[in-house]
Amino acid sequence: MIINQNLDVIKDTYGLDEGKTMVSENVIRCLRQGKSTSYYDKKNRYVEVTAPVISEEKAVTGVMLASVSMDTVLDGIRMLRAQGGAVLIVVFLVVLSLGILVAGWFVRPLGRITASIENVTEGYESEWLHVGTFSETGQLSDAFNKMLGRLKQLNDSREEFVSNVSHELKTPLTSMKVLADSLLAQENVPIELYQEFMGDIAKEIDRENDIISDLLTLVKMDKTVQGLNIRQININELLEAILKRLKPIADKKKIEVVLESFRPVSAEIDEMKLTLAISNLVENAIKYNRDEGWVRVSLNADHKYFYVKVMDSGIGIPEEDQAHIFERFYRVDKSHSREIGGTGLGLAIARNAVIMHRGSIKVYSSKGEGTTFTVRIPLTYAA
């Protein structure tokens, strides 16, 4: 309501007190001081608030009085709370539903990845994954596909290796059985024929033994990559010892073996494994050479690596075969390899030994013009 300077009610919201005189301490104080007042009546539970009505000349011309029952206020608060609680419940349910939908959308790609990993773990073949819903799942999918490709490659390599081993081990056994059956089928075998057959059987036994020895060497290398016995070794003396040991084989074919050392070289290596690698390269250069040919082994170094070259005047390697010569059991000329006793594992052993030293091995060759193998090994081994 609005009250003038004479304390008369000139306006009432409900029209009940218009024309009456309002005598109130708060109204009088507001008229005199020109300031708003507030009062709470605990007994009757109502709040009374006054505010001065000021004219353009900034004079107090009246008072605006507002009063409200606290019961009404409390009822309003209760109603708002009830309505607000219902709204909060609705909002919570909506957010929860959206959360479940979004979580399912996020988790679905992960579920596919998990299922594929479980299939691989159980030994089943899995299809390539294409889950690019998010950048993160796309990265997981790419990583899984790389792992799957590597596993399939290893599995194919293992199956091929087992097949090759079975074939290589079976061949000498078959030859020995044929020779033995031929002897048993004949009566009164001449001693010369008997000796010839037994000599052939002995050769097949030696061949079987060579294959098994080379296989064991490869298996040991695969299992002991971390077990290198690294020591500081004089490489010049190492090469001299290798050539001295292989000289009798070269002398049988009248092959000249020459070592060229351009400087003293000392390096951190596993002596046994690197000896095995270089020995295989030099022995191959002798075996697959021409009679009265030559083999040259050179040693050089720079500030970081040492280099061993094994060159020969042999039969050479066709270009189409050069990419495969380091594969296990691969032979360029199977019939010639069988004649000289090759197992098809020597270059695979050499490559493994070089790689274990964090080195590299390359081949340069032309058919009928000889072959050069270049080995590069760090002077300091880095685990």
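The values are calculated or read from the model by the stated rules, or taken from the named source; none is laboratory data. Quantities reported herein were computed from a predicted structural model and do not represent experimental measurements. Positions of Cβ are backbone-derived with ideal geometry, glycine not excepted, and every protein chain shown enters the neighbour counts.
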Has the stretch 210-229 got any residue that is surrounded by fewer than 13 Cβ atoms within 10 Å (Cβ to Cβ), at pLDDT 80 or above and more than 19 Å from ASN284 (Cα to Cα)? yes
Assuming PHE262 fulfils every condition listed in (1) buried (at least 17 other Cβ atoms within 10 Å of the Cβ); (2) among the hydrophobic types (A, V, I, L, M, F, W, C); (3) in contact with a Ser or Thr (Cβ under 9 Å, 6 or more places away or on another chain) apart from one, which condition is it? (1)
Taking the stretch 1-34 and the residues there that are closer than 14 Å to SER67 by Cβ and hydroxyl-bearing (Ser, Thr, Tyr), the one that is surrounded by the most Cβ atoms within 10 Å (Cβ to Cβ) would be SER24
Out of the residues in the stretch 289-319 that are among the aliphatic types (A, V, I, L, M) and touching a residue at least 60 places away in the same chain (Cβ under 8 Å), which is farthest from ASN234 (Cα to Cα)? MET311
Verdict on ILE377 being buried (at least 16 other Cβ atoms within 10 Å of the Cβ), modelled with pLDDT under 85 and within 29 Å of the chain's Cα centre (by Cα): no
Of (1) modelled with pLDDT under 80; (2) in contact with a helix residue (DSSP H, G or I) (Cβ under 6 Å, 6 or more places away or on another chain), GLY15 fails just (2)
